[in-house]
1. Could you list, ordered by first residue, the pairs with Cβ atoms under 9 Å in which the first is in region 18-41 and more than 13 Å from Tyr57 (Cα to Cα) and the second is modelled with pLDDT of 75 or more, at least 6 apart or interchain?
2. Please work out which one of (1) touching a helix residue (DSSP H, G or I) at 6+ places or on another chain (Cβ under 9 Å); (2) at pLDDT 90 or above is the condition Asp77 fails and give its number.
3. Only residues that are touching a Leu at 6+ places or on another chain (Cβ under 7 Å) and either of a type in the set (D, E, K, R) or in a loop (DSSP other than H, G, I, E, B) (or both): list them for region 59-99, please.
4. Could you please let me know if Glu128 is among the acidic types (Asp, Glu), more than 21 Å from Ser31 (Cβ to Cβ), part of a helix (DSSP H, G or I) and out of contact with any strand residue (DSSP E or B) (no Cβ under 8 Å at 6 or more places or on another chain)?
5. Could you list all residues from region 100-125 that are outside any helix (DSSP H, G or I) and either more than 21 Å from Gly47 (Cβ to Cβ) or of a type in the set (Lys, Arg) (or both)?
6. Suppose we filter Leu112, Leu61, Leu85, Leu46 for residues that are surrounded by 10 or more Cβ atoms within 10 Å (Cβ to Cβ) and touching a residue at least 60 places away in the same chain (Cβ under 8 Å); which single one remains?
7. Of the numbered conditions (1) assigned to a helix (DSSP H, G or I); (2) touching a helix residue (DSSP H, G or I) at 6+ places or on another chain (Cβ under 8 Å), Leu48 satisfies every one except a single condition; which is it?
8. Scan region 35-68 for residues that are within 17 Å of the chain's Cα centre (by Cα) and at positive phi and report the count.
Amino acid sequence: MKKMIFVLALMLGFLSLSNAQTKVKKEKKTSEVKAQERASYWEKELGLSADEKQKFYDAKLVHINKRKEIMAKYAKDRVAAKPELKESHKVFLESVKAALTPEHFEAWKSKLKASRAAKKASKAVDEENATESGE
C-alpha cells in the first residue's frame, strides 16, 4: 500500500512539473516592432528603398494602432467592428500606394494574394485531413 501511494505521489509530481513547463507565455510584440518587422520583410521581398521602407513602416504603424483602437472599442466583437476595420484597411492601402512606386505596389498586392491563396489551400488541406482522420 505504501508503495502504491509513493508511486501515485511520484506520478503526480511529474505531471505537475511537466504542466508547469508548458505554461510559458510569449511576450506580445509592440506595434512598433510589428510594423518594423513587416517593413523589413517587404524591403527584402520587393527591394524597397530606405524612403519607401520608412513610409511603409509609418503606414503600417498607423494601421496597427487604428486596428487596436477599433478592437478595444468593440471589445473583440469583430462583426460590429467590421465596417470600421474595412475603412481602416482602405486608408492603409491608400497610404501604401502613396508610399511605394506603382511597380512595388503591384508586386506587393500580388505577393499578398499569393500568400493568402497558399494559406487558404493549406487550411483546406488541414481541414480535409482532420475530417478523414475522424477528428
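1. Close Cβ pairs (under 9 Å, with a partner that is modelled with pLDDT of 75 or more) amount to Lys29/Glu37.
2. Failed condition: (2).
3. To start, the set of residues in region 59-99 that are touching a Leu at 6+ places or on another chain (Cβ under 7 Å) comprises 67, 70.
Answer for region 59-99, where residues must be touching a Leu at 6+ places or on another chain (Cβ under 7 Å) and either of a type in the set (D, E, K, R) or in a loop (DSSP other than H, G, I, E, B) (or both): just Arg67.
4. Values: among the acidic types (Asp, Glu): yes; more than 21 Å from Ser31 (Cβ to Cβ): yes; part of a helix (DSSP H, G or I): yes; out of contact with any strand residue (DSSP E or B) (no Cβ under 8 Å at 6 or more places or on another chain): yes.
For Glu128, the condition - among the acidic types (Asp, Glu), more than 21 Å from Ser31 (Cβ to Cβ), part of a helix (DSSP H, G or I) and out of contact with any strand residue (DSSP E or B) (no Cβ under 8 Å at 6 or more places or on another chain) - is met.
5. none
6. Numbers: Leu112 fails: touching a residue at least 60 places away in the same chain (Cβ under 8 Å); Leu61 fails: touching a residue at least 60 places away in the same chain (Cβ under 8 Å); Leu85 fails: touching a residue at least 60 places away in the same chain (Cβ under 8 Å).
That would be Leu46, the only listed residue that is surrounded by 10 or more Cβ atoms within 10 Å (Cβ to Cβ) and touching a residue at least 60 places away in the same chain (Cβ under 8 Å).
7. Result: Leu48 fails condition (1) only.
8. 0
The values are calculated or read from the model by the stated rules, or taken from the named source; none is laboratory data. What you see is a predicted model, and the numbers here were worked out from it, not measured in a lab. Neighbour counts run over all protein chains shown; Cβ positions are idealised from the backbone, glycine included.
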